[in-house]
1. Quick one: residue 162 ticks every box in (1) surrounded by fewer than 19 Cβ atoms within 10 Å (Cβ to Cβ); (2) of a type in the set (S, T, N, Q); (3) at pLDDT 95 or above; (4) assigned by TED's automatic domain parsing to the domain that holds residue 245 bar one, so which box is it?
2. Quick check on this structure: which one of 324, 312 is free of Cβ contacts under 8 Å to residues at least 60 places away in the same chain and either closer than 17 Å to residue 144 by Cβ or surrounded by fewer than 24 Cβ atoms within 10 Å (Cβ to Cβ) (or both)?
3. Assess whether residue 363 counts as being outside the structural domain of residue 200 (by TED's automatic domain parsing) and either assigned to a helix (DSSP H, G or I) or acidic (Asp, Glu) (or both).
4. Look through 182, 145 and report the one residue that is of a type in the set (A, V, I, L, M, F, W, C), surrounded by 14 or more Cβ atoms within 10 Å (Cβ to Cβ), assigned by TED's automatic domain parsing to the domain that holds residue 86 and within 27 Å of residue 289 (Cβ to Cβ).
5. Hey, among 156, 194, which residue is not assigned by TED's automatic domain parsing to the domain that holds residue 299 and not small (Gly, Ala, Ser)?
6. Answer yes if at least one residue in segment 173-188 is out of contact with any Phe, Trp or Tyr (no Cβ under 6 Å at 6 or more places or on another chain), free of Cβ contacts under 8 Å to residues at least 60 places away in the same chain, part of a loop (DSSP other than H, G, I, E, B) and closer than 22 Å to residue 14 by Cα, and no otherwise.
7. Hey, does segment 247-260 have a residue that's more than 24 Å from residue 204 (Cα to Cα), surrounded by fewer than 24 Cβ atoms within 10 Å (Cβ to Cβ) and either aromatic (Phe, Trp, Tyr) or in contact (Cβ under 8 Å) with a residue 40 or more places away in the chain (or both)?
8. When segment 198-219 is examined, which residues are found to be under 23 Å from the mean Cα position of the chain (by Cα) and small (Gly, Ala, Ser)?
Amino acid sequence: MNHAALMIPTIDRIGGAERHVLDLASGLRRRGWKVTVVALAGTGSGLSAELDRYGIGYISLEMRKGLADPRGWLRLVSWLRRHKPDIVHAHLPHAAWMARLSRLVARVPVVLDTVHSTSTGNWPRKFLYHLTRSLPDRVVAVSDAAAETHISAGLVDRDRLTVVPNGVDIEFWHADVANREALRRERGFGNEFVWLAAARLEPVKDFPTLLRAFARVPGPARLVIAGAGPEQPELNLLANRIGIAVRVRFLGFVPDVRPWMQASDGFILTSLWEGLPTTVLEAAACELPQVATRVSGTCEAIEEGVTGLLANPGDYAELAEAMNRLMAMPREQRRSMGARARKRVIDRFSLEAALDRHEALYRELLAANPRTAAGYRARAAEEARLSDHDPDEAGASFRA
């Protein structure tokens, strides 16, 4: 049984990258892999127990000073040497750098990492990516846009990069009329149009633009925001200042946002940049028509005019116009848009397709490493094939 270690800075906060890691972990375990989630920091916030129920290991390196914490490095190297995973797959920059650099002192057959954003960050981040670019066997990008920005910035070589889009569980994420009616009744919503935004309350998600746009959306429409983050106090003040506080509901962190997606009428995302937004895919699988900002990663998830509407980032007037246009559509037209959104996810972004691609990549990289069992078998098969044609060539291959 192959052992894959999935590294992430923390699972105490759940965003798109963290959800992707958890989906990947459970999917690989279901397919017979041994899986361990390795967090750089945090306690797991209850998710560690859930992982244990699925037979997935969890370890926190308990780092408190970022990459400068030597105890975390020692714990990681000790764990790698003791448990000898076949694959270390890191997600997000700090985990990627640790996975890459740990390879210098702990023998790991395959190391790869995934970039989840089109943003290449500041110069220290670029420097660390460039400094360690030769250490991973492969870099994965969640979208063509994320791939191109990192290639253009010189942070990864094109021949070392593979695009594997995120996937969502289309059996879990789906529309449910009964859930919709029950939640709306419980939360006091009638027939008013309910917009849902689900994201961390951080600058990249540009919630101030969303609130200013919503101020141009007439009542009785409501806006529900699922997410927590450092900007919440300022957003509460802004909602009060522009007179929409009674129509906006901040839910804080919501561990399971699916019921809200099933209960809402439209989904909205106002990011300044994205890799491939998982929440857009989840909302689409729930047959929600969407309005989002016209940024590269989101444009790969939404087909403009077909599964949703787009507006330029930071432009609250254009965003409001798109929201009002979607609300003005006949209900059947919105339902058709939602149905097309789900079909697009099924065709291009299903979790099973993402798992197939990850498994194929893992096996390819294991087979290419002559120190692994898969690599030994692949090398032996190649030698046997060559010996059938040219014994001298086979011997040369064996000695290489």
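The values are calculated or read from the model by the stated rules, or taken from the named source; none is laboratory data. Here the structure is a predicted model, which is why all the values come from computation and not from measurement. A quick note on method: Cβ atoms are made from the backbone with ideal geometry, for glycine too, and the neighbour counts reach across all protein chains shown.
1. (4) is the only condition that residue 162 fails.
2. Testing whether each residue is free of Cβ contacts under 8 Å to residues at least 60 places away in the same chain and either closer than 17 Å to residue 144 by Cβ or surrounded by fewer than 24 Cβ atoms within 10 Å (Cβ to Cβ) (or both) leaves just 312.
3. Spelling it out, residue 363 is indeed outside the structural domain of residue 200 (by TED's automatic domain parsing) and either assigned to a helix (DSSP H, G or I) or acidic (Asp, Glu) (or both).
4. Matching residue, one of 182, 145: 145.
5. Answer to the selection: 156.
6. No, segment 173-188 contains no residue that is out of contact with any Phe, Trp or Tyr (no Cβ under 6 Å at 6 or more places or on another chain), free of Cβ contacts under 8 Å to residues at least 60 places away in the same chain, part of a loop (DSSP other than H, G, I, E, B) and closer than 22 Å to residue 14 by Cα.
7. There is at least one residue in segment 247-260 that is more than 24 Å from residue 204 (Cα to Cα), surrounded by fewer than 24 Cβ atoms within 10 Å (Cβ to Cβ) and either aromatic (Phe, Trp, Tyr) or in contact (Cβ under 8 Å) with a residue 40 or more places away in the chain (or both).
8. 198, 199
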